[in-house]
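**Student:** Next up is a structure, given as structure tokens.
The values are calculated or read from the model by the stated rules, or taken from the named source; none is laboratory data. Small disclaimer: the values here were computed from a predicted structure and weren't measured. No Cβ is skipped: glycine too gets one built from the backbone with ideal geometry, and neighbour counts run over all protein chains shown. Side chains are part of the model used for accessible areas, which takes the heavy atoms of the whole protein and leaves out ligands, DNA and RNA. Shrake-Rupley method; radii C 1.70, N 1.55, O 1.52, S 1.80 Å.
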Amino acid sequence: MTGGKAITCPACGGTIEVRAAGFSVNLVCQNCGSILDVSRPEVVLIRRHERARTRFAIEIGKRGTLFGQEWEVVGALRRKDQIAIWQEFLLFNPYLGYRWLVAADGEWQFGTPLADRPQGDRNRVFWRSDSFSRLGRDQTFSTTAVAGEFYWRVKAGDTATATLFQSGETFLSREISEGEENWTQLVPVEQSDIEQSFGLDRRRLPKRKAPSGLMQFKAEPGLEQDDLGRMFLLAFAAAILAAIAMAVLAGPSTRTSTMVQVPVGGQIAPIKVGTITVRRPWQFVTVNADTNQFENRWVDLEYNLVDRSSEQSIDAYGLVEHYAGSDSDGPWTEGSHHGDTMFGHVPQGTYDVYVSGSAHGWPVDPLPNDAWGQVETINVWVEAETGTMSWGMWWTLVIALFAWPVTILWWRHRDK
Amino acid sequence: MTRRLLLFAALCFCLLAAALYAAFNAYSFFSDDEDRPVASGHAGPTHK
């Protein structure tokens, strides 16, 4: 198929076949690994090596048919970035030119170098009426091993920067190296097709690095199955399931309520709100306090759950406060006329609920009696209830569930 | 299904189990037993 010719390696004396003679510039000796310049009639040694050739998943010289065309593997590269190691194979057909095969994590892409450069900005480019969105951030990678021949000078240790753009299953890869910019279109290919066409040495396929399974925040260059959507779906499903289960486990509900009047600048002795029953082994008990409208006052409330069988008391405290004023920024308000108090881990039993408290003025308590001899009071409606769930715990769970996928999402888009 | 997704599924399961255990025993980080209000009750508003 190709115009091959034989040359002698000036380093080791071995015979090498140049498969794309007239096209190739750079060639790596299959015997000793030395890098040769084959662009001129006389073969020039660029770098001498004395090591066995690097083995790749597809042998140099293999021929196969992909997308209805016959291709010969003339070169191979092993590359890596901070996360992954992958292999790239240079394919050649004298009538069609060069193509690429890229293998990473068991997935394959067929790459076509683009003659018409995509147009756009940093985050979106347009190519042949399709719009491609940037995927992740720029990645610097290096070439770690070279075999075969290439139409440019390449050697182990070369570095370049790549950026990926995605539209459906098609990717555009932009590589910048030493000021030169190259674009490649990448489309997925089944591994079985590669195996059938070229034969595969599966032992030589690039393996996933151990940390990448856990910490692979960057999407692989179009070659990694993206499971981020499933992670969000899983977190959402777990959050919904948890809400339902927590509501069921909160148990049956009983409630009691009353209204108390608290004098401002004074206090009230314990008043019985009513009786509630904890029917499950452990339940939450919440006490809600709502007051009439007031400003610049606060009400300290003390709640006691007294177990009828043991006379043991469980205590908790609540606060209702509301302030208003005006300063150089204009009027302001602070606080609420509502306050919730939650008892956790309340054992099964029947409880009498008591409330006591005191109310105060800000910045100082007002006089006990106004001009008419009336004492200012605040009305507090108190309702105690069993069978409630802790929404704070549910929100904590939601944050924990979404922390990982949100971190990955942020990592991928942090430079946009 | 990727290895990372499996690990995440295991994490979700652990978190869910912990949350349900806490719900069954009525444990909460946010319960107010024995917590006296100290935020602003005796100090007035925090507005400056």
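**Student:** Give the cross-link partners of A:Lys62 among the aspartates and glutamates, using a straight C-alpha distance below 16 Å as the criterion and excluding same-chain residues fewer than 8 apart.
**Tutor:** A:Glu17, A:Glu70, A:Glu72, A:Glu88, A:Glu149, A:Asp193, A:Glu195, A:Asp201
**Student:** Right, another one. Using a Förster radius of 30 Å, what is the FRET efficiency between A:Asp226 and A:Asp37 based on their Cβ-Cβ separation? Nearest 0.05, please. Walk me through the numbers on the way to the answer.
**Tutor:** Values: r = 41 Å, r/R0 = 1.38.
In this case the efficiency is close to 0.15.
**Student:** Between A:Asp365 and A:Arg279, what is the label-point separation in nm under the 7 Å Cα-to-beta-carbon projection?
**Tutor:** Between A:Arg279 and A:Asp365, the label points sit 4.4 nm apart.
**Student:** At 0.36 nm per residue, minus the direct Cα-Cα distance, what do A:Trp391 and A:Thr258 gain on full extension? Give it in nm, one decimal, please.
**Tutor:** Numbers: separation 133, 0.36 × 133 = 47.88 nm, distance 2.48 nm.
Taking A:Trp391 through A:Thr258 to full extension adds about 45.4 nm, to one decimal.
**Student:** On to the next question. Return the aspartates and glutamates within reach of A:Lys272: Cα separation strictly under 19 angstrom, same-chain partners fewer than 8 residues apart disregarded; answer none if there are no such residues.
**Tutor:** Leaving aside aspartates and glutamates fewer than 8 places away in the same chain, those within reach of A:Lys272 are A:Asp290, A:Asp300, A:Glu302, A:Asp307, A:Glu311, A:Asp315, A:Asp340, A:Asp352, A:Glu383, A:Glu385, B:Asp33.
**Student:** Now for a separate question. May I ask you to give the percent of accessible area on the protein assembly as shown that is carbon plus sulfur, with a probe radius of 1.4 Å? Please report the intermediate quantities before stating the final value.
**Tutor:** Values: 12430 of 23100 Å².
Summing carbon and sulfur atoms, their accessible area is 54 percent of the total for the protein assembly as shown.
**Student:** Next question, about the same structure. According to a simple spin-label model (label point 7 Å from Cα along Cα-to-Cβ), what is the distance in nm between A:Arg117 and A:Glu17?
**Tutor:** 3.8
**Student:** Also: Working out 0.36 nm times the residue gap between A:Leu241 and A:Gln374, then minus their Cα-Cα distance, what length gain in nm do you get to one decimal? Mind showing how you got there, number by number?
**Tutor:** Working: separation 133, 0.36 × 133 = 47.88 nm, distance 5.45 nm.
Value of the extension gain: 42.4 nm.
**Student:** For peptide A:235-243, what's the mean number of Cβ atoms from other chains within 10 Å of each residue's Cβ?
**Tutor:** Values: counts 4, 0, 2, 7, 4, 0, 4, 6, 1.
For this peptide, the per-residue mean of nearby foreign Cβ atoms is 3.
**Student:** Which residue fluctuates the most in chain A, going by a Gaussian network model with Cα springs under 10 Å, if the choices are A:Gly330, A:Gly179, A:Gly357?
**Tutor:** In the Gaussian network model the winner is A:Gly330.
**Student:** Would you mind calculating the gained length between A:Arg47 and A:Ile399 on full extension (0.36 nm times residue separation, minus the Cα-Cα distance), in nm to one decimal? Intermediate values should be presented prior to the final figure.
**Tutor:** Numbers: separation 352, 0.36 × 352 = 126.72 nm, distance 5.56 nm.
Length gained between A:Arg47 and A:Ile399: 121.2 nm.
**Student:** Which of rounded, prolate, oblate describes chain A, given a ≥ b ≥ c as roots of the alpha-carbon gyration tensor eigenvalues and a/c under 1.5 marking rounded, otherwise prolate only if a/b is larger than b/c? List each step's numbers first, then the result.
**Tutor:** Numbers: a/c = 4.57, a/b = 3.22, b/c = 1.42.
The shape class here is prolate.
**Student:** Also: Loop sites only, by DSSP: take the chymotrypsin sites (Phe, Trp or Tyr not before Pro) in chain A that have at most 13 other C-beta atoms within 10 Å and name the longest stretch containing none of them.
**Tutor:** Values: sites that count: A:Phe67, A:Tyr95, A:Trp152, A:Trp372.
Counting at most 13 other Cβ atoms within 10 Å as exposed, the longest clean stretch of chain A is A:153-371.
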